[in-house]
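Attaching a single structure in structure tokens format; questions to follow.
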Amino acid sequence: MGIFTELGVLYAKYKDSKLMEHIKLFWSRLNIRKMLKACEENAHWSELTFLYLHYEEYDNACVSMMDHASEAYEHAKFKDTLAKVQNTEIFYKAIDFYLQQQPLMLSDLMTAMAQRVDHVRVVHQLRKVGHLPLVRAYLLATQSHNIKEVNDALYEIYVQEEDHESLAAGVVEFTNFDAIEMAQMCEKHQLLQFRRIGAMLYKNAKKWAQSIALSKQDKVWEEAISTARVERLGAGGGPAQLLCGREAQRVLLGLPLHVLPAAAPRRCARALVAQQLDRLCHALLEIGRAHV
């Protein structure tokens with residue numbers, strides 16, 4: 001082991017063109033610690049990373065690739081190594097690194113660490129620099145957890161990309177989001193489909209005036225009347241109920257919705273008795289007139 005290590009140290013100092021070949025051939029016979037020191041002192045970053053990987057120091061290997069990207073970084077190797085790190089802080093450092101060096105590869109990188117990162121922290125980190133659309137696929141993959149910050153971020157992307165169909169389906173299925181803020185965002189959108197979604201969100205939040213005003217502004221009279229009826233009868237207290245599930249999604253997508261008319265209110269027992277008594281009196285009066 002000693003002779004292979006000493007030869008590697010000499011290569012690191014005096015003939016670096018032979019160093020990587022020597023390490024790849026005899027890495028199992030090297031004193032790794034001594035060889036790591038020699039590579040670091042002589043700035044052989046690619047060889048240093050190779051040794052870290054074979055010594056199973058995955059944290060150091062990732063840091064080395066990020067700190068010396070021009071010599072040591074490879075996307076596939078970095079992605080595989082990142083999945084094995086112990087220090088989770090490296091994940092968030094890797095996000096910053098990719099935003100600077102490989103922004104278009106960030107979405108692919110997120111798949112390697114999606115199961116181990118704090119999703120809320122990731123959203124805050126990317127929102128701070130304004131690059132949430134880069135990780136749309138990651139946000140979709142994690143939306144099943146129904147996390148507020150993830151839903152908010154994804155719905156904002158839908159609005160920016162004018163994807164009203166995805167937004168309509170999302171707000172119905174994943175309801176843990178800031179509905180008022182999203183309604184305000186949709187309210188100002190130039191497309192009618194988004195303004196209809198905004199009216200529906202106001203309605204579901206029991207902001208009746210805003211919902212009715214928005215529907216009247218766009219001359220969507222059926223929805224304005226429906227909202228007014230819900231407000232008058234009371235959501236949950238009368239025959240008119242807030243739309244939910246598939247019915248709400250059909251409205252948001254602009255599809256027809258068949259609504260049954262409200263049933264006539266039942267009369268109380270006292271009113272029925274009074275009505276029958278009036279009829280009996282009227283019948284007796286008619287009989288008396290007939291005899292006269």
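Does any residue in the stretch 159-172 that is farther than 14 Å from GLN143 by Cβ and among the small types (Gly, Ala, Ser) come within less than 8 Å, Cβ to Cβ, of a residue that is crowded, with 22+ Cβ neighbours inside 10 Å and modelled with pLDDT under 90 six or more places away or on a different chain, and which pairs are these?
ALA168/LEU252
State whether one or more residues within the stretch 191-207 are exposed (fewer than 14 other Cβ atoms within 10 Å of the Cβ), of a type outside the set (S, T, N, Q) and within 27 Å of PRO133 (Cα to Cα).
Yes - at least one qualifying residue is present in the stretch 191-207.
How many of the residues in the stretch 118-158 are charged (D, E, K, R) and more than 16 Å from LYS93 (Cα to Cα)?
Keep residues of the stretch 118-158 that are charged (D, E, K, R), which gives 118, 121, 127-128, 136, 148-149, 152, 156.
Applying the additional criterion that residues be more than 16 Å from LYS93 (Cα to Cα) yields 136, 148-149, 152, 156.
Counting residues in the stretch 118-158 that are charged (D, E, K, R) and more than 16 Å from LYS93 (Cα to Cα) gives 5.
Now for a separate question. Do we find a residue being within 23 Å of THR111 (Cα to Cα), surrounded by fewer than 16 Cβ atoms within 10 Å (Cβ to Cβ) and in contact with a helix residue (DSSP H, G or I) (Cβ under 7 Å, 6 or more places away or on another chain) anywhere in the stretch 66-78?
Yes - at least one qualifying residue is present in the stretch 66-78.
Kindly indicate the residue of the stretch 38-53 that is touching a Leu at 6+ places or on another chain (Cβ under 8 Å) and of a type in the set (D, E, K, R) and also farthest from LEU25 (Cα to Cα) among those meeting that condition. Steps first, answer last, please.
If we filter the stretch 38-53 for residues that are touching a Leu at 6+ places or on another chain (Cβ under 8 Å), which is where we start, we get 39-40, 44, 47-48, 51-52.
Checking which are of a type in the set (D, E, K, R) leaves us with 40, 47.
Numbers: GLU40: 20, GLU47: 12 Å.
Residue satisfying both the conditions and the ranking: GLU40.
When the residues of the stretch 109-137 are filtered to those that are among the small types (Gly, Ala, Ser) and assigned to a loop (DSSP other than H, G, I, E, B), which remaining residue is nearest to TYR73 (Cα to Cα)? Before the answer, list the steps.
Applying the first criterion (among the small types (Gly, Ala, Ser)) to the stretch 109-137 yields 112, 114, 130, 137.
Imposing the further condition that a residue be assigned to a loop (DSSP other than H, G, I, E, B) reduces the set to 114, 130.
On the way: ALA114: 21, GLY130: 25 Å.
For the stretch 109-137, the residue satisfying everything is ALA114.
Could you tell me which of the residues GLU21, GLU40 is of a type outside the set (S, T, N, Q) and within 22 Å of PHE78 (Cβ to Cβ)? Walk me through it before giving the result.
Values: GLU21 fails: within 22 Å of PHE78 (Cβ to Cβ).
Exactly one of GLU21, GLU40 is of a type outside the set (S, T, N, Q) and within 22 Å of PHE78 (Cβ to Cβ), namely GLU40.
Would you mind finding the one in TYR92, TYR98 that is at pLDDT 95 or above, of a type outside the set (Val, Ile, Thr) and touching a Leu at 6+ places or on another chain (Cβ under 7 Å)?
Values: TYR92 fails: touching a Leu at 6+ places or on another chain (Cβ under 7 Å).
Just one listed residue meets the conditions, TYR98.
With TYR98, TYR92 as the choices, which residue is under 30 Å from LEU132 (Cα atoms), crowded, with 19+ Cβ neighbours inside 10 Å, under 36 Å from the mean Cα position of the chain (by Cα) and not β-branched (Val, Ile, Thr)?
Values: TYR92 fails: crowded, with 19+ Cβ neighbours inside 10 Å.
TYR98 is the lone residue from the list that is under 30 Å from LEU132 (Cα atoms), crowded, with 19+ Cβ neighbours inside 10 Å, under 36 Å from the mean Cα position of the chain (by Cα) and not β-branched (Val, Ile, Thr).
Additional query: When the residues of the stretch 130-178 are narrowed to those that are hydroxyl-bearing (Ser, Thr, Tyr) and under 9 Å from the mean Cα position of the chain (by Cα), which ends up surrounded by the fewest Cβ atoms within 10 Å (Cβ to Cβ)? I'd like the intermediate steps shown before the answer.
So in the stretch 130-178, the residues hydroxyl-bearing (Ser, Thr, Tyr) come out as 138, 142, 144, 155, 158, 166, 175.
Narrowing further to those that are under 9 Å from the mean Cα position of the chain (by Cα): 138, 142, 144, 155.
On the way: TYR138: 25, THR142: 21, SER144: 10, TYR155: 25.
My answer is SER144.
Give the number of residues within the stretch 196-227 that are of a type in the set (Lys, Arg) and out of contact with any helix residue (DSSP H, G or I) (no Cβ under 6 Å at 6 or more places or on another chain).
Initial filter on the stretch 196-227 (of a type in the set (Lys, Arg)): 196, 203, 206-207, 216, 219.
Narrowing the set further to residues that are out of contact with any helix residue (DSSP H, G or I) (no Cβ under 6 Å at 6 or more places or on another chain) leaves 196, 206-207, 219.
So the count comes out to 4.
Could you tell me how many of the residues in the stretch 170-192 are of a type in the set (S, T, N, Q) and modelled with pLDDT under 90? Give the derivation first.
Here is the first cut: in the stretch 170-192, the ones of a type in the set (S, T, N, Q) are 175-176, 184, 190.
Those left that are additionally modelled with pLDDT under 90: 190.
Of the residues in the stretch 170-192, 1 are of a type in the set (S, T, N, Q) and modelled with pLDDT under 90.
Just one of ILE225, ILE212 is more than 30 Å from PRO103 (Cα to Cα) and surrounded by 19 or more Cβ atoms within 10 Å (Cβ to Cβ); which is it?
Numbers: ILE225 fails: surrounded by 19 or more Cβ atoms within 10 Å (Cβ to Cβ).
Result of the check over ILE225, ILE212: ILE212.
Now a separate question. What are the residue pairs meeting all of these: first residue in the stretch 179-199, first residue more than 20 Å from ASN151 (Cβ to Cβ), second residue among the aliphatic types (A, V, I, L, M) and in a helix (DSSP H, G or I), Cβ atoms under 7 Å, and 6 or more apart or on different chains?
That search, which allows pairs on different chains as well, returns ARG195/LEU214.
Now for a different question. Within the set of pairs 6 or more residues apart or between chains, which connect a residue that is closer than 11 Å to ILE212 by Cα and modelled with pLDDT of 80 or more inside the stretch 226-241 to a residue that is part of a loop (DSSP other than H, G, I, E, B) and β-branched (Val, Ile, Thr) with Cβ atoms less than 9 Å apart?
So the pair list comes out as SER226/VAL259.
The values are calculated or read from the model by the stated rules, or taken from the named source; none is laboratory data. Fair warning: this is a prediction, and the values are worked out from it, not measured in the lab. Don't worry about glycine lacking a Cβ; one is built from the backbone with ideal geometry, like all the others, and counts go over all protein chains shown.
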